[in-house]
1. Take Leu318 and decide whether it is touching a Leu at 6+ places or on another chain (Cβ under 7 Å), closer than 30 Å to Gly173 by Cβ and either surrounded by 21 or more Cβ atoms within 10 Å (Cβ to Cβ) or in contact (Cβ under 8 Å) with a residue 12 or more places away in the chain (or both).
2. Any residue that is in a loop (DSSP other than H, G, I, E, B), crowded, with 19+ Cβ neighbours inside 10 Å and touching a helix residue (DSSP H, G or I) at 6+ places or on another chain (Cβ under 6 Å) - is there at least one of those in region 49-65?
3. Under the condition of being within 14 Å of Gln55 (Cβ to Cβ), of a type in the set (Gly, Ala, Ser) and in a helix (DSSP H, G or I), which residue from region 79-106 is farthest from the chain's Cα centre (by Cα)?
4. Specify which of the listed residues (Ser125, Ser183, Ser161) is modelled with pLDDT under 95, in a helix (DSSP H, G or I), small (Gly, Ala, Ser) and in contact with a Gly (Cβ under 7 Å, 6 or more places away or on another chain).
5. Given the criteria of a type outside the set (Phe, Trp, Tyr), closer than 29 Å to Arg275 by Cα, modelled with pLDDT of 95 or more and in a helix (DSSP H, G or I), does Glu315 qualify?
6. Of the conditions (1) modelled with pLDDT under 85; (2) crowded, with 22+ Cβ neighbours inside 10 Å; (3) over 17 Å from Ala83 (Cα atoms), Pro45 clears all except one; give me its number.
7. All but one of (1) closer than 24 Å to Lys216 by Cα; (2) outside any helix (DSSP H, G or I); (3) modelled with pLDDT of 95 or more hold for Phe151; which doesn't?
8. Do we have any residue at all in region 32-40 that's among the basic types (Lys, Arg) and under 20 Å from Pro278 (Cα atoms)?
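The values are calculated or read from the model by the stated rules, or taken from the named source; none is laboratory data. None of these values were measured; they are calculated from a predicted model. All Cβ positions, even for glycine, are placed from backbone atoms using ideal geometry, and neighbour counts span all protein chains on display.
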Amino acid sequence: MFRRIAIGLVLALLVALPTTAQDFETGWAAAKSGDFATALREWRPLAERGNAAAQNNLGFMFENGKGVPQDNAEAAKWYRKAAEQGYVRAQISLGRLYRLGQGVPQDNAEAAKWYRKAAEQGHKSGQNDLALMYYRGLGVPKDHAEAAKWFGRAADQGIASAMYYLADMYGIGDGVPQDHVTSMKWWILAAEHGDKRALQFRDFIAGAMTPAEKSKAEKLAQEWRAKHKKKWPVHAFAQRDLWETYIAAGTKAYQQGKYPEAVKQIRAAVKEAERFGPEDPRLATSLNNLAELYRAQAKYADAEPLYKRSLVIREKALGPEHPDVAASLNNLGELYRAQGRYAEAEPFYKRSLAIWEKALGPEHPHVATSLNNLAELYHTQGKYAEAEPLYKRALAIWEKALGPEHPRVATVLNNLAEL
């Protein structure tokens, strides 16, 4: 069973389109069976004659070393030929190579250009990628209102990370009017679509909402489900979709306290993410989630190398000041603190705090999380003078963002009282 699935998955970014060319269909059948040498023989002449689908598929083969030596420069060449003809998958792939500097010089402006072309054709990954460029100010001016627009389009096509960003942005009024009900709608949907981070925010933010507000948010989420549930079909051989399925299943099992099943599913996600490449952010997410599961079970020795590998990937793929890097640093700090390795934990907490402050602003709830964690570290060591101002600052941020009655606010107040 799994062998059959694996053969299909390798075709994630290859595309079979109706064509009168028998050679293309012969190549497609060969690729589906894992015979990429035959696929190359059939597709290269078509690609050289300008067939965009064949050009895209050659790009995929060179990028992933399927039937040919792995060669990102050659991949970029073929992706470009297809992208310039308006081929949307090739536009996204070429944008990714420019963003990562693989086979081409690293160039965020060029990456944003190709993401935009795909986004304007309505492709969900292109929309999400373009939104992230606006959110971070990479290759385009930083513009959170523009980011929210593209996140919204990607979210409406089922992209969980776009839902996560929208929930966060509506929660604090970042690029959109502040609206806690709409924010909760997106936390609910992001969690349902497999974003593990959204589970935590959904649950603790719900604690600060009235029953009427929660009911309205759930009604909005239900209206979204009814409108979009049949709009975006799942493709049988979509590698990304299978990875997301494993992540969602692992998240659900974790939420239910079924750790063995959660570990099984997230390990499968790790294996699947390895296919995307050793520096793909999805691999970092999978490794981080598996480490989180081990940490939750106090299996610290198993968690540590996974956290570290996730951090290395994120630093290289996303840059050393990306918010996801801050999350990895924070998680390592938590791991070391749980083991009493306080001196090792402190620099990870501090760097995480600095990144979040710079990337998200000094009053973002993630900053409060980092402040609270660093304060907890000092508190545990009896360094009360260092802990107190951090607790107070975290308290001020959470009171503003979540309201004075939120459980997170109560927790910090209790910590301050203990000082």
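1. No.
2. Scanning region 49-65 turns up no residue that is in a loop (DSSP other than H, G, I, E, B), crowded, with 19+ Cβ neighbours inside 10 Å and touching a helix residue (DSSP H, G or I) at 6+ places or on another chain (Cβ under 6 Å).
3. Ala82
4. Ser183
5. no
6. (2)
7. All conditions pass for Phe151, except number (2).
8. Scanning region 32-40 turns up no residue that is among the basic types (Lys, Arg) and under 20 Å from Pro278 (Cα atoms).
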